[in-house]
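Below you'll find the structure, written out as structure tokens, and then a few comments.
The values are calculated or read from the model by the stated rules, or taken from the named source; none is laboratory data. Since the model is a prediction, treat every value here as computed from it, not as a measurement. Note that each Cβ is placed from the backbone with ideal geometry, even for glycine, and that neighbours are counted across all protein chains shown.
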Amino acid sequence: MDVRMPVMDGIEATRRITASASSARVIILTTFDLDEYAFAGLQAGASAFLLKDVAPAELVQAVRLVASGDAVVAPRVTQRLLETYVRGTRLPGQAAPHPRDPLLEELTPRETEMLEAIAEGLSNAEIAHKFFLSEATVKTHVRRILTKLHLRDRVQVVVYAYETGLVVPSNPDY
């Protein structure tokens, strides 16, 4: 998907695709390195946001990761996501985080721990090591979290965790 397209922009197209019953996953591949496109695309349900200068091998790897259920964000975009969500800065005109979502009450205490670990950026292997679980068990928890919170992938989990206030920056001055 590209951000700018004739008839309908890529953000709206992504929103419609992810809202449909389709199991398709969207990778936004664009030349526009603008925060509002990256954030809007990810919030619309894209599983990846990459810039068109990405190396061919990295693009192929991103397609494989997204197809397996993971998410990918260009490193430059990741830095700005951290600035916005972890360090508490906001884009001009961006609203304050949403209040606590009642869907969080549907999570078990272990799923809440897993959600927080995902939001910290830990991989399944790192979460398994931290909680003395198998990777298969972690994958089951991740799948249940995604289902209960109506999210598509780990990127959306991270955004959701910060937007709902479940995870807050430990040191907002860094």
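List of remarks:
- Qualifying residue in the stretch 61-78 (condition: in a helix (DSSP H, G or I), surrounded by 15 or more Cβ atoms within 10 Å (Cβ to Cβ), modelled with pLDDT under 65 and not hydrophobic (A, V, I, L, M, F, W, C)): no
- Test: Thr137 is at pLDDT 90 or above and surrounded by 15 or more Cβ atoms within 10 Å (Cβ to Cβ): yes
- Members of the stretch 11-28 that are buried (at least 19 other Cβ atoms within 10 Å of the Cβ) and either in a loop (DSSP other than H, G, I, E, B) or at pLDDT below 85 (or both): Arg25, Val26
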